[in-house]
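As structure tokens, the structure follows; a few thoughts come after it.
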Amino acid sequence: MRHSWSGFGIFIGVAWGCATATLIHAQTSGEVDSPQQFDRTHTEGPGDVKEGYESEDYVTRSRSLLKRRGIKKDLIRFAQNPPLGLPPVPVPAGNPLTRPKIDLGRKLFFDRRLSINDTFACATCHIPEQGFTNNEMRTAVGVEGRSVLRNSPTLYNSAYLTRLFLDGREFSLENQVWQPITAHNEMAAPSIGWVVNKIKRMQDYDGLFEQAFEGAGPSILTVGQALASYQRTLLAADSPFDRWHFGNQPNAVDDAVKRGFSVFSGKGRCIVCHTVSKDHALFTDNKFHNTGLGYAVSFDKEIGPETQSKTTRVQLAPGVFVDVDNKKIEAVTQQKLPNDLGLYRVTENPNDRWKFRTQGLRNIALTAPYMHNGQLSTLREVIDFYDRGGVANELLSPLISPLGLNTQEKQDLEAFLHSLTGSTVPEIVADAFAAPIGDLSAHDPNWAHENTLGIEQ
Ligand code: HEC
Ligand code: HEC
């Protein structure tokens, strides 16, 4: 059961999110030999298992962090032989996948020392057990609590994206990495050279780049190539839907899912943008569309009945709720959802205002909240949003209009979306838990946070 999302959610989300970040980084980096020791319930959702939290009888099932161990996996095999439902992985000729590169990329991905003050890794926003996104924040928060424009998207299956970021401003995973590393409100490294120098001076990287890149050391090229290689292995498919639809297993899903897929591809018209091919499905056309959500924020319009309630239900403890006046919440909310013109920011073509890239829907049950700004908390809210025809505006996509779905159809559609969680997820998360996390040591160039990297002042 997912707790409800709200304006207040952003407010407490900051505190929660930081707590989560700490949780992630407190995980042991020890490797475990026996797969039985890995508990599946800890591969999904926030660190604390919240199922049943709305009831007074809730008993925590969370375990001590030290017991939450990882198991290193051989992720390259996912990329070499993608799980059912995914096409072959496109790998650039200049950056063939190898185990040493993937291992190095994984080490970099979890390493907080790539940020200006050794606090933020990629994994702090793309949290493995939260679908490589962040379930607790609508829009991301970076170093020192700085606000980021958008919701952290999942990195599962990002290997297939032809345009990166929700406004499509990047084209390759190799180049993409430098944006979050150097963005002032994300990891805030002062420059690319600063990061490269720092990695060169961290003893635990000695020889790793040279081994992965035929003698080449850390550089703008190799850091990007290593991180891209790790991300290319994050392939989550072979879901119940895939087994039924592509694997000819009639019993892999129940009837609600089957009916839901009919709504998805028929009356709901979702499939027009969230595409399904003959032998695989990425659920995205990799194109940009205006659903009206960005427009509604720009013009401060309501997006639907669920946002018009005057109060927000906030849970204080198991079984204890209070209804808080929205005005009070707004008074303490630091920032409203930011104005975001989407693709227009890249093209400056007025017709591109509020267009965002279609997101893939695989593993969607793991990656709430939804849309570019995390404004919709649950899949049901997303379905209701489309059912109403998005938000009318002069540039609304002609492919979006009211659907007239009945309650049964909505439930079925939701069941279908829940059937898209890949069976490879627990393995990828288990592997992530085994990654080294970049603890600061007395040997590190940034020790004592002087940020000098050993360079004379
Ligand atoms: C402060 C939080 C934060 C950190 C740290 C962060 N990201 Fe992200 N990431 C985001 C957000 C937010 C977006 C969406 C931004 C946008 O669309 O403009 C994003 C987008 C991406 C995308 C594009 C995904 C897509 O669907 O287009 C990739 C790939 C990615 N990040 C990888 C990384 C890597 C690799 C690192 C570490 C080097 C990293 N991120 C660090 C928040 C973060
Ligand atoms: C006109 C193209 C189009 C159609 C039709 C469409 N979508 Fe989308 N969908 C998008 C785009 C574009 C986004 C990203 C919007 C954003 O980030 O604001 C998106 C986002 C989503 C998301 C959130 C993904 C995430 O990770 O946050 C879900 C869930 C979703 N769509 C489900 C559906 C369903 C269900 C239907 C059918 C009822 C549907 N979509 C119809 C284009 C479309």
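All other residues whose Cβ lies under 15 angstrom from that of Leu208 are scored, Lys and Arg at +1 and Asp and Glu at -1, for a net of +2. Which shape class, rounded, prolate or oblate, goes with the stretch 260-351 when its Cα gyration tensor gives a ≥ b ≥ c as root eigenvalues, a/c under 1.5 marks rounded, and past that a/b bigger than b/c marks prolate? Oblate.
Under 17 Å between alpha carbons, and skipping anything fewer than 8 positions from Lys410 in its own chain: which aspartates and glutamates qualify? Qualifying aspartates and glutamates at Cα under 17 Å: Asp254, Asp255, Glu306, Glu381, Asp384, Asp387. Only Cα pairs under 8 Å and 6+ residues apart enter the sum, and on that basis the relative contact order of the stretch 240-418 stands at 30 percent.
Inter-label distance, Glu214 to Asn406: 6.4 nm, where each label sits 7 Å from its Cα along the C-beta direction. Charged neighbours of Asn286, selected by a Cβ distance under 15 Å, balance to +3 (K, R count +1; D, E count -1). Of Lys50/Lys328; Lys101/Lys198; Lys72/Lys355; Lys267/Lys327, which ones are farther than 29 Å apart at the Cα? Over 29 Å apart, Cα to Cα: Lys72/Lys355; Lys267/Lys327.
Read the figures in this text as sums done on the coordinates, not as results from a lab. The structure presented is a predicted model; accordingly, all values stated were derived computationally and were not measured. As a convention, Cβ positions derive from the backbone with ideal geometry for all residues, glycine included, and neighbour counts pool all protein chains shown.
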